[in-house]
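Take a look at the structure set out below.
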Amino acid sequence: MMRRYRRFTALLVIAFLGAAAPGLMGPAASAQESVIHVSASSGSDSGDGSAGKPYKTLSAALKAASAGQVVELADGTYREGNIYVDKGVTIRAASGATPVLSGAEVPASWSAGGDGTWSTGHDMVRFCDVCTTNANPSVEGMAAYPEQVFVDGKPLTQVASKGEVSASSFYVDDPDPVTLKKSDNSYAGYNAKPHRGTSYVIGVDPNQHTVEVVQQHRALTLHGANSTLSGIVVEKYAPLQRWDYNDPEIGVFTGGGAVVVSKDGQTIENNTFRYSSAGSALHLASASNAKVTGNRFENNGGAALNVNGSSGATIEKNYWQGTNSAGFITTNCGAYCTIADTKVTHSENVRYAFNTHDYSQAGYNHNDPNVDSPRRVIGVWFDEGVMNSQIVGNHFINVGKSAIFDEVSSHNIIASNIVESSFQGIVLSGTDSDKIFNNTIVDTLSPMVIREDTRYDGCNARNKAGECTAPEKWSGEHGLTWNATDNQIYNNVLTKSANSKEGDPWRYSMLLRFAGGVNGDGTAVYGPEEAQGLDYNTYYRTSKDTEWFTIHWQWAKDGGGAGAFNAPTLAEFTSHPQVGTDSAPGREAKGREAHGQDIVTPRTEQKLFVNLPGQENQFGASDLHPAPGSPLEKSGTTLDPEVAESLDLNANAPVNRGALVNVAWGD
């Protein structure tokens, strides 16, 4: 949750999009599409953009381009930034080329310190080191510092003093840094300082290496409708997390994202976004019907993809790894916990499909709650009013927090996803009317959680009288309750990791947990309200000794308070008098989990999947298709028509339990 941050961000986005910017004001649109050529190695900005006389820089080419034209980049590294594009153009790689748009420069002058260090002059760009989402930047440690240095292509680690500099680290000497107007509160404003005035200190001889120092906040602002960015590597930029630092030279183009997309109908395809240090690598702001497809997000310091107010967005067949390489706090940080591979807010009709979130190389097993990992980030996060949207066919591997987190949203489809060896699988919090069908979750510490959020009616905070002091406008306008009611959960396969929390083995001891609560207006929401339909799910445990319970269930007691029980077996759950028989419309109410499967067998003897490795965390070794003759085969209930449509399947055909189509299977 980003309560104050999101409200302020929305205002800043509106402000900067409407303001005059250091822009590229090109000529009127041409009726005939043509290609403008760019070559970093052979071009000249005095050229004409023809194949024989290409421009040298993307900036010059875009300034000359008209709406509808194509700007084509040859191989090479284009060391540019803060490019503002206010017309609909296509920026693409030339055939067979992989051009790199880089925010890093190679300093020409270094001074040897005589102590094994080398320094630039004090003429380098000054970045704000206190412009964090967290109101108190100091608690973020060095993650709050967005500066970056690379030696022979490899990133160095930033340290807090010159004395700590080594061959693998660097220090920024800033005699006049940006400071906060109010100590420990980045939301109270900044004391801005000149754009330049810092020096970088490294511990290797720059004459023997290629040393790159990041000197740009943002690469591109795409503010022209129906633009395309295709086939480009965008790397080594330092956008701030906050949008409101007003640099005396470049204004508020300091924050948000390395690439900011802010008009409708744009296409971002087949690019690589890497080494964006603090703000997101790609940020969609009021960019309806955008398409983000076939991209790779790798080793970004903060969030990778943020989508806000961008209804109709399609996000398909992308790949994530290494998010939060800077190490921002991601647990016990309340409203300042904002880091995810993908975060979507204030949008509807978003399709999030056939993407891969791969942390198999993270170096940590994230299904172990006792492991302290800097990669504990959410996979995909729907928050504050994402409606009528889809999360389907995605593959999540070793994700550090929730693979899928659907928070205070409504009427979404979560179907046919595969989650392996992660901390949490699917988590709903204050979300209503979701359809959760045919997901396969294996070796995950907490496979599925449905919980109430005690906020209600689109309000983030209330005073003692119950009056809303922090309304969330989008959710309020769309009548969202922020109550976790009327969700449908069918045909899922849940398999828990054998790991447990040291000193608290009960915390993650069940495969499915319902957690209720009472809102400030007295509304009680517990299991019976949360699960409108719950049936045909499979609960597979390798041992009852390590995976104790199938379901944790809560209900409201007459006269106040809540009752709860843990069901060691599915039979004990279905026979409990507080479970009831509610069922989704069109489905016969025979009791929750009347057709559920409770299977306990060692991993080496399981018959559910084609292959489940003999041990957990054998990344890449599983095949989670149903095995021939598996109890999963054709034993599920028929698909809800909307779910079937989201997966391009027949709603009336018998279906397996678990995933039906998935990017892991080449679908």
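Please return the ranges of strands (runs of 3 or more DSSP E) entirely within the range 340-412 where 2 or more residues are charged (D, E, K, R). Give the steps one after another, and end with the answer.
Numbers: elements: 340-345, 351-353, 356-358, 378-383, 390-392, 395-397, 402-407.
Because the criterion is at least 2 residues that are charged (D, E, K, R), the strands (runs of 3 or more DSSP E) in the range 340-412 that meet it are 340-345, 402-407.
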>> Quick check on my filter: what residues within the range 519-550 are of a type in the set (Lys, Arg) and in a strand (DSSP E or B)?
In response: ARG541
> For residues in the range 126-153 being among the charged types (D, E, K, R) and open to solvent by 20 Å² or more (accessible area, probe 1.4 Å), which is farthest from ASP184 (Cα to Cα)?
Replying inline: ASP152
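Just wondering, is there one or more residues in the range 640-648 that are acidic (Asp, Glu), part of a loop (DSSP other than H, G, I, E, B) and free of Cβ contacts under 8 Å to residues at least 24 places away in the same chain?
The answer is yes; a qualifying residue exists.
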> Given ASN388, ASN394, which one is modelled with pLDDT of 95 or more and surrounded by fewer than 22 Cβ atoms within 10 Å (Cβ to Cβ)?
Replying inline: ASN388
> When you look at ILE250, is it modelled with pLDDT of 95 or more and either farther than 18 Å from ARG196 by Cα or crowded, with 24+ Cβ neighbours inside 10 Å (or both), yes or no?
Replying inline: no
> List, please: which pairs have Cβ atoms under 9 Å, are six or more places apart or on different chains, and start with a residue in the range 219-231 that is among the β-branched types (Val, Ile, Thr) and end with one that is at pLDDT below 95 and assigned to a strand (DSSP E or B)?
Replying inline: none
>> Condition (residue is aromatic (Phe, Trp, Tyr) and within 15 Å of ASP341 (Cβ to Cβ)) applied to the range 435-447: is it met by at least one residue?
In response: no
> If you go through the range 649-667, how many residues are open to solvent by 30 Å² or more (accessible area, probe 1.4 Å), out of contact with any Lys or Arg (no Cβ under 7 Å at 6 or more places or on another chain) and assigned to a loop (DSSP other than H, G, I, E, B)?
Replying inline: 7
>> Restricting to the range 354-364, name every residue that is free of Cβ contacts under 8 Å to residues at least 60 places away in the same chain and in contact with an Asp or Glu (Cβ under 7 Å, 6 or more places away or on another chain).
In response: HIS357
> Here are some residues: THR133, THR98. Which one is among the hydroxyl-bearing types (Ser, Thr, Tyr), out of contact with any Phe, Trp or Tyr (no Cβ under 8 Å at 6 or more places or on another chain) and assigned to a loop (DSSP other than H, G, I, E, B)?
Replying inline: THR98
> Only one of these conditions is not met by ALA287: (1) surrounded by 19 or more Cβ atoms within 10 Å (Cβ to Cβ); (2) under 15 Å from the mean Cα position of the chain (by Cα). Which number is it?
Replying inline: (2)
> Considering GLY559, GLY563, which residue is open to solvent by 60 Å² or more (accessible area, probe 1.4 Å) and over 28 Å from ALA651 (Cα atoms)?
Replying inline: GLY559
> Here are GLU605, GLU593, GLU572: which of them is open to solvent by 30 Å² or more (accessible area, probe 1.4 Å) and within 21 Å of TYR536 (Cβ to Cβ)?
Replying inline: GLU572
> Does the range 480-502 contain any residue that is without any contact (Cβ under 8 Å) to a residue 12 or more places away in the chain and either open to solvent by 30 Å² or more (accessible area, probe 1.4 Å) or in contact with a His (Cβ under 6 Å, 6 or more places away or on another chain) (or both)?
Replying inline: no
> Here are THR338, THR323: which of them is modelled with pLDDT of 95 or more and among the polar types (S, T, N, Q)?
Replying inline: THR323
>> Checking GLY163 against (1) under 29 Å from the mean Cα position of the chain (by Cα); (2) part of a helix (DSSP H, G or I), only one condition comes out false. Which one?
In response: (1)
>> Suppose we filter the range 78-103 for residues that are among the small types (Gly, Ala, Ser) and crowded, with 23+ Cβ neighbours inside 10 Å; how many remain?
In response: 3
>> For the range 177-223: of the residues being modelled with pLDDT of 95 or more and among the hydroxyl-bearing types (Ser, Thr, Tyr), which is most open to solvent (accessible area, probe 1.4 Å)?
In response: THR210
> Residues of the range 605-625 being within 19 Å of SER635 (Cα to Cα) and in a loop (DSSP other than H, G, I, E, B), which ones?
Replying inline: GLN606, LYS607, LEU608
>> Among the numbered criteria (1) part of a loop (DSSP other than H, G, I, E, B); (2) over 24 Å from ASN656 (Cβ atoms), which one does SER422 miss?
In response: (2)
> Quick one: is GLU452 under 19 Å from the mean Cα position of the chain (by Cα), open to solvent by 10 Å² or more (accessible area, probe 1.4 Å) and of a type in the set (D, E, K, R)?
Replying inline: no
> Based on what the data block shows, is THR338 open to solvent by less than 20 Å² (accessible area, probe 1.4 Å) and more than 26 Å from GLY666 (Cβ to Cβ)?
Replying inline: yes
>> among the small types (Gly, Ala, Ser), closer than 25 Å to GLY312 by Cβ and open to solvent by 10 Å² or more (accessible area, probe 1.4 Å): which single residue out of GLY476, GLY458, GLY430 fits that description?
In response: GLY476
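So, in the range 312-335, exactly how many residues are part of a strand (DSSP E or B), of a type outside the set (S, T, N, Q) and surrounded by fewer than 24 Cβ atoms within 10 Å (Cβ to Cβ)?
Adding up the residues that qualify gives 2.
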> Only one residue in ASP123, ASP75, ASP48 is out of contact with any Phe, Trp or Tyr (no Cβ under 7 Å at 6 or more places or on another chain), without any contact (Cβ under 8 Å) to a residue 12 or more places away in the chain and open to solvent by 20 Å² or more (accessible area, probe 1.4 Å). Which one?
Replying inline: ASP48
> Say we look at the range 341-378 and pick out the residues that are over 20 Å from ILE426 (Cβ atoms) and among the hydrophobic types (A, V, I, L, M, F, W, C); which of these is least open to solvent (accessible area, probe 1.4 Å)?
Replying inline: ALA362
> Can you find even one residue in the range 69-87 that is farther than 30 Å from ARG462 by Cα, at pLDDT below 95 and touching a strand residue (DSSP E or B) at 6+ places or on another chain (Cβ under 6 Å)?
Replying inline: no
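Select from the range 473-518 the residues that are touching a Cys at 6+ places or on another chain (Cβ under 9 Å) and assigned to a loop (DSSP other than H, G, I, E, B) and list them in ascending order.
TRP482
The values are calculated or read from the model by the stated rules, or taken from the named source; none is laboratory data. Bear in mind that the values here come from a model prediction, so they are computed numbers and not experimental data. Virtual Cβ from ideal backbone geometry, glycine too; neighbours counted across all protein chains shown. Accessible surface areas use protein heavy atoms only, side chains included; no ligands, DNA or RNA. Shrake-Rupley method; radii C 1.70, N 1.55, O 1.52, S 1.80 Å.
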